[in-house]
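A short worksheet on the structure shown next.
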Amino acid sequence: MDGKTVMACIDASHAALKHHHDEIASLDQAIGDGDHIINLLRGMDALVAMRAAIEAESLAGALKLASTKVLSTVGGSSGPLFFSLLSGMSKALSDDADLQAFARAFAAGVEAVGQRGKTGLGSKTMMDVLIPVAERFSTLATQGAATHDVLAKLPRVAEEHMLATRDMLATKGRASFLGERSRGHIDPGARSSQVMIEAICARLGE
Ligand code: ADP
Ligand code: MG
């Protein structure tokens, strides 16, 4: 895995987010201010525009480079959170990372998001997808699961936990202003995270 792999994951995420544009926009219109998908696609467009620089980097270098671009372009609450995910992963990675090392790096990235956003499970945010995926990833990697097995299982974990945000009460971010009225809507950040995880796993499995 190197900068080219990171760019392939960005391309896959970009295409999947564009495909789900209207749905993610409506989710954030329902319990936020409607800008989540616009914020993310602004970042994705900026990352695609720096393809050559990202592809020339190592795995950790490409994630670091992408993280700073995300911070300067995405904005909203989610910009600094996705920055923390990518930079947290980058700091934890070496260039000869195997599946276990990658699982540890993903867990470190998710931990960094938790510190930045001061939240864990159950607040109806992207963390309700990221934490269960990181945990299952670590378990599978520790058990010595094959890569194709991990890539098949993680999207299912992400989908199940994304759907579970529908009935949660939001206690963090803009959606928390709605109180009980936040129930009955899937969290937009949980949906966008799940869409990206699904797209990345599909691309890496090709
Ligand atoms: P904003 O809410 O500032 O408009 P976005 O629309 O870009 O930002 O992102 C909203 C998403 O960010 C939410 O759906 C939620 O998943 C996530 N989010 C908001 N606050 C937090 C937090 N403290 N920790 C983790 N995720 C959060
Ligand atoms: Mg918003």
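The values are calculated or read from the model by the stated rules, or taken from the named source; none is laboratory data. Because the structure is a prediction, the values reported are computed rather than measured. Cβ placement follows ideal geometry from the backbone for every residue including glycine, while neighbour counts extend to all protein chains displayed. To get the accessible areas, we keep the full protein, side chains included, count just its heavy atoms, and leave off ligands, DNA and RNA. Shrake-Rupley method; radii C 1.70, N 1.55, O 1.52, S 1.80 Å.
Computed from label points 7 Å out along Cα-Cβ, the spacing between Ala25 and Asp149 is 4.2 nm. The simple spin-label model puts a point 7 Å past each Cα toward its Cβ; for Asp45 and Leu121 those points are separated by 3.8 nm.
Can you sort Thr5, Thr165 by 1.4 Å-probe accessible area, starting with the largest?
Working: Thr5 30, Thr165 0 Å².
Per-residue accessible area, sorted high to low, gives Thr5, Thr165.
From its DSSP helices (H runs of at least four residues, each -39,500 (n - 2.57)), the chain gives a residue-normalised ellipticity at 222 nm of -23500 deg cm²/dmol. For Met168, what is the net charge nearby, where nearby means another residue's Cβ is under 15 Å from its Cβ and Lys, Arg count +1, Asp, Glu -1? In short, +2. For the stretch 41-121, the Kirkwood estimate of the hydrodynamic radius, built from every pair of different alpha carbons, is 12.8 Å.
Of the peptides 14-24, 68-78, 121-131, the order by per-residue mean of other Cβ atoms within 10 Å, starting with the highest, comes out as 121-131, 68-78, 14-24.
Report the gain in length on full extension from Ala15 to Asp96: 0.36 nm times residue separation, minus Cα-Cα distance, nm rounded to one decimal. Each step should come with its number before you reach the end.
On the way: separation 81, 0.36 × 81 = 29.16 nm, distance 2.83 nm.
Gain on extension, Ala15 to Asp96, equals 26.3 nm.
Please give the direction-averaged projected area of the C-alpha convex hull for the chain, in square nanometres with one decimal.
Values: hull surface 39.3 nm².
For the Cα atoms of the chain, the hull's average projected area reads 9.8 nm².
Of all the accessible heavy-atom surface of the stretch 3-204, with the other protein chains kept in place and a 1.4 Å probe, what percent is carbon and sulfur? Intermediate results must be reported in sequence, preceding the final value.
Values: 4870 of 8950 Å².
The nonpolar share, carbon plus sulfur, comes to 54 percent.
The count of lysine pairs in the chain whose Cα atoms are under 28 Å apart, excluding pairs fewer than 8 places apart on the same chain, comes to 27.
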